[in-house]
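> I have a structure I would like to understand better, so I am pasting it below and will then ask my questions one at a time.
The values are calculated or read from the model by the stated rules, or taken from the named source; none is laboratory data. Predicted, not measured: the structure shown is a model, and the values here were computed from it. Here Cβ is always computed from backbone atoms with ideal geometry, including for glycine, and neighbour counts include all displayed protein chains. Just so you know, the surface numbers come from the protein's heavy atoms only, side chains and all, with ligands and any DNA or RNA stripped out. Shrake-Rupley method; radii C 1.70, N 1.55, O 1.52, S 1.80 Å.
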Amino acid sequence: MTVAVADVPAVPPDLLTVAHLSMRFGGLLAVDDLSFVARAGQITALIGPNGAGKTTVFNCITGFYRPTAGHIALERGDRSFDLDQLSGHRIARDAGVARTFQNIRLFPRMTVLENLLVAQHAKLMRASAFSLAGLLGLKGFREAEARAMSLAEDWLTRLGLVHVADRECGTLAYGIQRKIEIARAMCTEPCLLCLDEPAAGLNPRETAELSRLITSIRGEFGIGVLLIEHDMGLVMGISDRIVVLDHGACIAEGKPAEIRNNPAVIRAYLGEEDPRAGPGSTDAPGAGDGA
Amino acid sequence: MALARAAPTVSSGVLRAAFGEALVAAGIAFMLALPLAGLRLPINPMDSVIFRPWWVVVAVATVFLGRLGLALWRARVAPSRRNGVPLLDRALAYILPWRRGIFVAFVLLVAILPLMPFADRRVIDLGAVVLIYVMLGWGLNIVVGLAGLLDLGYVAFYAVGAYSYTLLIIHLDLNFWAALPLAGAFAALFGVLLGFPVLRLRGDYLAIVTLGFGEMIRIILINWSSLTGGSEGITSIPTPTLFGLTFTAVPAPGETAFHQFFGIPFAGVHRIIFLYYLILALALLTHVFSMRIRRLPVGRAWEALREDEIAARALGLNPVMVKLSAFGLGAMFAGFAGAFFATRQGFINPSSFTFIESAIILAIVVLGGMGSQMGVILAALLLVLLPEVARDFAEFRMLLFGGAMVAVMVWRPRGLLAHREPTATLGDLSRGREPAP
Ligand SMILES: Nc1ncnc2c1ncn2[C@@H]1O[C@H](COP(=O)(O)OP(=O)(O)OP(=O)(O)O)[C@@H](O)[C@H]1O
Ligand SMILES: [Mg+2]
């Protein structure tokens, strides 16, 4: 028996547990009794047609909405957090959940470097003794600031963006802004990274780069990644598990290969009237089989 | 042909639209001018109201022509200018690398102003007033320019500083240097207390509520007469001493006067000059503090919150604490300025802390270019000196003021100097390396 345990492929611990989550907006049930888990060191994709409630799930996890019902729990090291009880900034700061937004939300009039430094606010604030040590320019703070700068620089180097470090974010190309938003989220040193349609608006070359970036984040940092994405090529290529939402409810869950041929999923994407239609549109799970 | 090319013709559609716009503006101007300028109450209440049709005609004609001109200017000149950089921006880009030197030179000029031959009492006094507004502008810049919180009641903290300073001096017999930090602390405390309930509000709502708080403080000052002396206020606030040296002609027994110590004849202007340097020092303190704190995490957090509160929250910034710190620190500098104001005037009463003061300080920040330290200097000079220059036509001061505001909002909606300097740079690193091919 003990030998068998070692042979079983190691299942990483559950990082995020969403249990019976519901979110109601007036008469609309945007998320309907949804349960799933996301594991550390894995990419968990959240897919579904437009308006399925994917972003709403993110907003519940990151504390922007208080769920109507259900629980969201996160295990970070030996501490556990009830995300449905925590305020948004504490979810980011204490629980270590970082996110990007479907419509990029950088600080447009600040430089790229400044954006990455704001992401390290909590630890810099502590190092500056809530500004006192900072005002006096004490050594401890200067060192912490230098470390923060070098972390930011590391990310810019990794993304090949050092040359735009001192440019205002608002002036940069869309694809670059997408990358910077991911770097900014990573600068918070999270244990769970939530990406809301990171490939939207990217060209195929940029999408391929993005896919390499996300897998390298998973491999190198061992953090959990929660990915909302419409680009099925990307999703099928890099996800470890996929959760499919339709009208707020989970209609399928499993490995990419299982999802690709799941009739319920194909139906949800292509409409009720033509259940056996071939996976032709790029939105359909079958597309982008190449991976 | 050549003429047509030099001045592109305006199409009749544009012309018609411009006329329509001008007519609407003139109509509004007529409705406003009729009661405001057209009717005048007689000095003798028995007489009937005086009607001044020409005032109305002039006002309506000015607005009509002005609006027409503006619309045509937009249609003809603006499109061609959109490609090129406007003149002022080009000039600014030219002097931008020199801004530090310019600032230092400017401070030196300001520092030697009282020693200039033309600097009489009036000039130095005026200089001190400009400096008060510069300091208030820099203080409000923290709140409005950096943190992006539209505060229309900033004068409340100025008042709290002035009154708490005065009361500390009178009741606890503290001297200036002990009461000054306490006045700042009181104002900061008020900033935090008032800020707490209102910081959930955004933009316009925050503006309205802060406006209300500003007026409340003033009304409390009027009505709490046992403490504040009501609308008469408090008089005979002593002038601060310079390391124990007073600025009186005949010092009280046991005290030494400034002129005695230095063996020079007594002159009233010594006190004025001393106060001038005092406010200069306070203003510079505000500047240095703002510049430093901008580069600290808390300063960056203010700007991040201004740019995008939702994104800031998603990065772990606590919006309440970030906003409160901006509100409190901004209020602290208003408190320092208030203490100085009290000691300079020698008396205070609530009429010094009306809404128009808040409006002027805000105008300085907005005109100067939100968040721009140099812009505040420029705008304060403009707004304080312009009315002084236009004293001869006092009746038109507000008109001039309004006209200047409109002009800036039309031509430079982001303020006179809208340049923003990054709080941190990778500098050489990013310039040296080119993007990987
Ligand atoms: N704050 C809100 N108030 C009311 N309704 C909302 C709110 N947020 C989302 N909804 C509704 O909830 C449903 C789910 O929206 P959500 O943004 O989560 O969809 P999505 O799956 O992210 O879609 P997309 O792929 O287009 O981004 C939609 O019908 C939307 O209109
Ligand atoms: Mg969405």
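> Mind counting the residues in the stretch A:46-64 that are more than 13 Å from ligand 2 (Cβ to nearest atom) and surrounded by fewer than 22 Cβ atoms within 10 Å (Cβ to Cβ)?
Residues flagged as more than 13 Å from ligand 2 (Cβ to nearest atom) and surrounded by fewer than 22 Cβ atoms within 10 Å (Cβ to Cβ) within the stretch A:46-64 amount to 0.
> Looking at the stretch B:175-191, can you tell me whether even one residue there is over 23 Å from B:Ser290 (Cα atoms) and in the same structural domain as B:Ser352 (by TED's automatic domain parsing)?
As a first pass, look at the stretch B:175-191 and keep what is over 23 Å from B:Ser290 (Cα atoms): B:175-176.
From the residues that got through so far, the ones that are in the same structural domain as B:Ser352 (by TED's automatic domain parsing) too are B:175-176.
Yes: the stretch B:175-191 contains one or more residues that are over 23 Å from B:Ser290 (Cα atoms) and in the same structural domain as B:Ser352 (by TED's automatic domain parsing).
> Now for a separate question. Any residue that is part of a loop (DSSP other than H, G, I, E, B), under 30 Å from A:Ala200 (Cα atoms) and facing chain B (nearest Cβ under 8 Å) - is there at least one of those in the stretch A:90-105? Break it down stepwise before answering.
Initial filter on the stretch A:90-105 (part of a loop (DSSP other than H, G, I, E, B)): A:96, A:100-105.
With under 30 Å from A:Ala200 (Cα atoms) added as a condition, the list becomes A:96, A:100-105.
Still in the list and also facing chain B (nearest Cβ under 8 Å): A:101, A:105.
The answer is yes; a qualifying residue exists.
> Might you check whether a residue that is open to solvent by less than 10 Å² (accessible area, probe 1.4 Å), more than 30 Å from A:Ala92 (Cβ to Cβ) and assigned to a helix (DSSP H, G or I) occurs anywhere in the stretch B:345-357? First the steps, then the outcome.
Residues of the stretch B:345-357 that are open to solvent by less than 10 Å² (accessible area, probe 1.4 Å), as a first pass: B:348, B:350, B:353.
With the extra rule that they be more than 30 Å from A:Ala92 (Cβ to Cβ), the set shrinks to B:348, B:350, B:353.
Narrowing the set further to residues that are assigned to a helix (DSSP H, G or I) leaves B:350, B:353.
Yes.
> Could I ask something else about it? Out of A:Arg147, A:Arg178, A:Arg158, report the one residue that is out of contact with any helix residue (DSSP H, G or I) (no Cβ under 7 Å at 6 or more places or on another chain), within 16 Å of ligand 1 (Cβ to nearest atom) and part of a helix (DSSP H, G or I).
Numbers: A:Arg147 fails: within 16 Å of ligand 1 (Cβ to nearest atom); A:Arg158 fails: within 16 Å of ligand 1 (Cβ to nearest atom).
Being out of contact with any helix residue (DSSP H, G or I) (no Cβ under 7 Å at 6 or more places or on another chain), within 16 Å of ligand 1 (Cβ to nearest atom) and part of a helix (DSSP H, G or I) holds for just one of A:Arg147, A:Arg178, A:Arg158, which is A:Arg178.
> With the structure loaded, tell me whether B:Val320 is within 12 Å of chain A (Cβ to nearest Cβ), closer than 30 Å to B:Ile237 by Cβ and open to solvent by 40 Å² or more (accessible area, probe 1.4 Å) or whether it fails that test.
Considered against the rule, which asks whether it is within 12 Å of chain A (Cβ to nearest Cβ), closer than 30 Å to B:Ile237 by Cβ and open to solvent by 40 Å² or more (accessible area, probe 1.4 Å), B:Val320 comes out as no.
> Out of the stretch A:235-248, which residues are within 16 Å of ligand 2 (Cβ to nearest atom) and open to solvent by 10 Å² or more (accessible area, probe 1.4 Å)?
A:Asp246, A:His247
> Just checking, does the stretch B:396-405 include any residue being assigned by TED's automatic domain parsing to the domain that holds B:Ile142, in contact (Cβ under 8 Å) with a residue 40 or more places away in the chain and buried (at least 19 other Cβ atoms within 10 Å of the Cβ)? So that I can check it myself, show each step before the final result.
Here is the first cut: in the stretch B:396-405, the residues assigned by TED's automatic domain parsing to the domain that holds B:Ile142 are B:396-405.
Then keep just the ones that are in contact (Cβ under 8 Å) with a residue 40 or more places away in the chain; that gives B:405.
Going one step further and asking which of them are buried (at least 19 other Cβ atoms within 10 Å of the Cβ), we end up with none.
No, the stretch B:396-405 contains no residue that is assigned by TED's automatic domain parsing to the domain that holds B:Ile142, in contact (Cβ under 8 Å) with a residue 40 or more places away in the chain and buried (at least 19 other Cβ atoms within 10 Å of the Cβ).
> So, one more: Take A:Thr17 and tell me if it is within 16 Å of ligand 2 (Cβ to nearest atom), within 25 Å of A:Pro256 (Cα to Cα) and open to solvent by 10 Å² or more (accessible area, probe 1.4 Å). Can you show your working first?
Details: within 16 Å of ligand 2 (Cβ to nearest atom): no; within 25 Å of A:Pro256 (Cα to Cα): yes; open to solvent by 10 Å² or more (accessible area, probe 1.4 Å): yes.
Judged against the criteria, A:Thr17 is not a match.
> Taking A:Asp82 and the conditions (1) more than 9 Å from ligand 1 (Cβ to nearest atom); (2) within 14 Å of chain B (Cβ to nearest Cβ); (3) open to solvent by 30 Å² or more (accessible area, probe 1.4 Å); (4) not basic (Lys, Arg), which numbered condition does it fall short on, given that it satisfies the others?
Only one criterion in (1) more than 9 Å from ligand 1 (Cβ to nearest atom); (2) within 14 Å of chain B (Cβ to nearest Cβ); (3) open to solvent by 30 Å² or more (accessible area, probe 1.4 Å); (4) not basic (Lys, Arg) is unmet by A:Asp82, namely (2).
> Looking only at the stretch B:267-312, which residues are within 7 Å of chain A (Cβ to nearest Cβ), buried (at least 20 other Cβ atoms within 10 Å of the Cβ) and of a type in the set (Lys, Arg)?
Scanning the stretch B:267-312 gives a single hit, B:Arg300.
> Output the qualifying pairs, or none if there are none: Cβ atoms under 9 angstrom, residues six or more apart or on different chains, first residue in the stretch B:123-151 and within 20 Å of B:Ala207 (Cβ to Cβ) and β-branched (Val, Ile, Thr), second residue open to solvent by 20 Å² or more (accessible area, probe 1.4 Å) and outside any helix (DSSP H, G or I).
Listed pairs, sorted by first residue: B:Val143/B:Leu150; B:Val144/B:Leu150; B:Val144/B:Met370; B:Val144/B:Gly371.
> Same structure, new question: Considering (1) in a loop (DSSP other than H, G, I, E, B); (2) facing chain B (nearest Cβ under 9 Å), say which one A:Ala129 fails and leave the rest.
A:Ala129 satisfies all of (1) in a loop (DSSP other than H, G, I, E, B); (2) facing chain B (nearest Cβ under 9 Å) except (2).
> Can you name the number of the only condition in (1) in contact with a helix residue (DSSP H, G or I) (Cβ under 9 Å, 6 or more places away or on another chain); (2) modelled with pLDDT under 75; (3) within 30 Å of A:Val164 (Cα to Cα); (4) open to solvent by 80 Å² or more (accessible area, probe 1.4 Å) that B:Ser430 fails?
Of (1) in contact with a helix residue (DSSP H, G or I) (Cβ under 9 Å, 6 or more places away or on another chain); (2) modelled with pLDDT under 75; (3) within 30 Å of A:Val164 (Cα to Cα); (4) open to solvent by 80 Å² or more (accessible area, probe 1.4 Å), only one is false for B:Ser430: (4).
> A further question follows. Filter the stretch A:135-182 down to residues that are basic (Lys, Arg) and open to solvent by less than 50 Å² (accessible area, probe 1.4 Å) and give me whichever is nearest to A:Ser216 (Cα to Cα).
Taking the stretch A:135-182 as the starting set, the residues that turn out to be basic (Lys, Arg) are A:139, A:142, A:147, A:158, A:167, A:178-179.
Next, only the ones that are open to solvent by less than 50 Å² (accessible area, probe 1.4 Å) stay: A:178-179.
On the way: A:Arg178: 17, A:Lys179: 14 Å.
Once the filter is applied, the top-ranked residue is A:Lys179.
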